[in-house]
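My structure is below; once you've seen it, I'll send some questions.
Since every read-out is calculated from the coordinates, none of them should be taken as a lab result. Just so you know, these numbers come straight off a predicted model, no measurement behind them. Cβ coordinates were reconstructed from backbone atoms using ideal geometry, including for glycine residues, and neighbour counts include every protein chain displayed.
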Amino acid sequence: MSLNLGFGLLRALALRKKMPQPTPTPQTQPWLDWQPIATFPKDGETCLAANMNVKEGFFQGVYYNEDGRLQIQDTEISYIPEFFTHWTKIPLP
């Protein structure tokens, strides 16, 4: 009896891995305290920015650089702030 239960559990876990997982959004993760991008801190703090106009969302850790763009830490890649729609502080582990 426990053998069948074990296989059933393994099958359920395998099926779960194949199921599409919901994309995190400001609506599905309110505990992250998502804010409009216009309120992104301009003090150089790195935060998580999100573009919810992309089908599955686009998330990137960025900070405001001296040119007024949102830049990825330790790279030359930057975005205009309007590329993103929301931001939140990066939660501590």
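Mind checking the full-extension length gain between ASP43 and ILE80? Use 0.36 nm per residue of separation minus the Cα-Cα distance, one decimal, nm.
Details: separation 37, 0.36 × 37 = 13.32 nm, distance 1.64 nm.
Full extension from ASP43 to ILE80 adds 11.7 nm.
I would also like to ask the following. Can you compute the FRET efficiency between VAL54 and ILE90 using 1/(1 + (r/R0)^6), with r the Cβ-Cβ distance and R0 = 25 Å? Round to the nearest 0.05. Could you put the intermediate results ahead of the total?
Values: r = 20 Å, r/R0 = 0.80.
Once the sixth-power term is evaluated, E becomes 0.80.
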